[in-house]
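Here's the structure, in structure tokens; my notes come after.
Please treat every number below as a calculation from the coordinates, not as lab data. Predicted, not measured: the structure shown is a model, and the values here were computed from it. All Cβ positions, even for glycine, are placed from backbone atoms using ideal geometry, and neighbour counts span all protein chains on display.
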Amino acid sequence: MTAMNRLPACCTALQHHWPLPQPVPGAVLVSCAFDPGNLAADDFQRAGVAQSASLHRSVAKRQAEYLAGRVCARAALLRLDGRDYIPDTQADRSPLWPADIRGSITHSQGWAAAVVAHDTACQGIGLDQECLLEDERAERLAEQILTPAELERLDRSQLGLGVTLTFSLKESLFKALYPLTLTRFYFEHAEVLSWSPEGHARLRLLTDLSAQWHQGRELQGQFCLQDGHLLSLVSV
């Protein structure tokens, strides 16, 4: 086994799966659990992942989540079309994918995942995972994340889920559209119109990002719950 395909000590075995309710044709998703406490000094070298000076100086949690996300991204690309590629980090901190690839990486609380697809399969794709907020914290954060209309629609009996889901879907939306528009937008610039217990959601832009991605444009999203975590995806 070469250094380029050895798992770092901080990561568990990779999972090639699709936990979300609706497959995206042509997309591949890979995930793994990771434990910063198991991060070994040679983990980056073992996995063949470059480590920047700033990353080298960062805490174990940041190193482990970065490493796990890149290991998942490489495995997803290998499964997609056989290429051995690890996305670097751009100046805006987003992953640098090959020109013909659309991809997204997420990591939170000991779990990381990456999703990739060819640009012929989708224009953009965004993936985000969050820990479910408890109701008390969700109450404090709701006005920062939700628009006035979303607050009116919020089901108070599912406060933690509703706020977490809105946050996560907007993160996934940003990851899907930012590479296409190179325009930053924030929580108040999009809204979740509806979502179903089956894991389907509908979003709408509240600002103009480009001629194609303009105010009023609606998009579909999806999500699933697993072990107290919420995973969401928006693909276009």
More than 31 angstrom apart: percent of Cα pairs within the chain: 22 percent
Calculated FRET value between Asp119 and Glu218, using beta carbons and R₀ = 30 Å, to 0.05: 0.85
Between the range 126-175 and the range 11-70, how far is it from one alpha carbon centroid to the other, in angstrom? 26 Å
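What does the charge count around Leu182 come to, taking other residues whose C-beta lies under 15 Å from its C-beta (Lys +1, Arg +1, Asp -1, Glu -1)?
Working: positive: Arg93, Arg102, Lys175, Arg184; negative: Asp92, Asp208.
So the surrounding residues net to +2.
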Nothing charged except the Cβ atoms of Lys and Arg (+1) and of Asp and Glu (-1): what's the magnitude of the dipole of the chain about its Cα centre? Round to the nearest 20 debye. 620 debye
Taking amide H positions as placed in the peptide plane 1.01 Å from N, state which residues far from Ile101 in sequence (5 or more) or on other chains have amide H under 5 Å from it. Asp119
Using the per-residue mean of other Cβ atoms lying within 10 Å as a proxy for protection, in what order, highest first, do the peptides 108-119, 41-52 fall? 108-119, 41-52
Rounded to the nearest whole number, the Stokes-Einstein translational diffusion coefficient of the range 1-101 at 10 °C and 1.306 mPa s (Kirkwood radius, C-alpha pairs) in µm²/s is 111 µm²/s
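Let me have the relative contact order for the range 3-122, percent, based on Cα pairs under 8 Å that are six or more residues apart.
29 percent
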Viscosity 1.002 mPa s, temperature 20 °C: give me the Stokes-Einstein translational D for the range 14-54 in µm²/s, with Rh taken as the Kirkwood radius over C-alpha pairs. 163 µm²/s
Only helices counted: for the chain, with every DSSP H run of 4 or more residues adding -39500 (n - 2.57) and the sum spread over all residues, [θ] at 222 nm is -9500 deg cm²/dmol
